[in-house]
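The values are calculated or read from the model by the stated rules, or taken from the named source; none is laboratory data. Worth saying up front: this structure is predicted, and the values here are computed from it rather than measured. Positions of Cβ are backbone-derived with ideal geometry, glycine not excepted, and every protein chain shown enters the neighbour counts.
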Amino acid sequence: MEMRQIESFLSLAATLHFGKSSQELHLSQPALSLQIKALEEELGVRLFDRNRQRTLLTDAGAAFREDATAAMERLAEAKKRATLTARGKIGVIRLGFISTAGYEIVPRLVRHYRKENPNVEFSLRNVLTHDQMKMLNEGTLDVGFLRIPLEASPHLDLTPIHREPFVVAVPAAHPLARVKQLRLRQLAGQPFVMYERRFAPGYYDQIASILTRAGIVPEVVQSAGEMPTLVSLVDSGLGIAVLPQSALTRKPDGVRVCTILDRIPPSQIALVSARHTHSMTVRQFVAFAKKNLTTEMIGQDP
């Protein structure tokens, strides 16, 4: 059974006129008759009752028309989906992000991308940096947004897309809550709550290095693996924390933020994806994200 036979049958079933269908299909009437005859022989049933005066669908023809119409519609949709998929306009992107990237970066990016690519779906997961790296290397995650520095991987491509200053978060009742700016040396002897190293070794080491250069040996009273948890610990009065500014985007009333006057490196978020992926959908999204987010980064304070 050939596609052209089905198309010829459906045309004739609609017009019930060999002459009209011949013109519609750009076929001669004998050629159309041969296609219909071949289809009937293959099916083993008569699809049309025809004589010199008229052409009518048989009951078998009517039943076949219903199923053939549905099949052609499904085939057209399959062709459309295949074309869109090949162009990266349809598919699912498995995207991981740290909590601070989930406040603004990821929601805004996904919203803008979906406006241009409404058939692309996202599977969004809030995943710690360490776990994202593992999933990206294993191929169970397509794109990740995480804090750098990171241990280099030959299989992954890393592009910094966001830069922000570190700040100090202190409980509202703390003496330092009254100052808006401070030097890191003012934190000497203070109890700290810090990010647990095993969840983001590069990020932890960056904080530790900043404090060490300022002559601070932090007295860590509690560690945690989530930025919101650290903010809550500060809110409880347990200690102070050096955090990326975005971690305080939705801070509780019991937390105050102090700007750091020391010249220290900023905190950065990077977009990480596999260097080689067969998914055009993922490649298109990564290109879109790099273009839009790296442009935004140019205007951010160093």
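Things worth noting here:
- Residues satisfying the stated conditions in segment 137-161, i.e. assigned to a loop (DSSP other than H, G, I, E, B), of a type in the set (A, V, I, L, M) and closer than 13 Å to residue 277 by Cβ: 141
- Some residue of segment 221-232 being free of Cβ contacts under 8 Å to residues at least 12 places away in the same chain and farther than 20 Å from residue 151 by Cβ: yes
- Being more than 13 Å from the chain's Cα centre (by Cα), over 30 Å from residue 32 (Cα atoms) and in a loop (DSSP other than H, G, I, E, B) is a condition met by at least one residue of segment 90-99.
- Selection count, segment 223-255, where residues are more than 13 Å from residue 171 (Cβ to Cβ), over 29 Å from the mean Cα position of the chain (by Cα) and either assigned to a loop (DSSP other than H, G, I, E, B) or not β-branched (Val, Ile, Thr) (or both): 1
- Contacts under 6 angstrom Cβ, first residue in segment 1-28 being at pLDDT below 90, partner acidic (Asp, Glu), 6 or more apart: 1/42
- Extreme residue, surrounded by the most Cβ atoms within 10 Å (Cβ to Cβ), among residues of segment 10-26 that are outside any helix (DSSP H, G or I) and out of contact with any strand residue (DSSP E or B) (no Cβ under 6 Å at 6 or more places or on another chain): 17
- Scope segment 12-46; condition under 13 Å from residue 64 (Cα atoms) and hydroxyl-bearing (Ser, Thr, Tyr); matching residues: none
- Taken over segment 212-246, the criterion of being crowded, with 19+ Cβ neighbours inside 10 Å and aliphatic (A, V, I, L, M) is satisfied by 216, 227, 230, 231, 233, 234, 240, 241, 242, 243.
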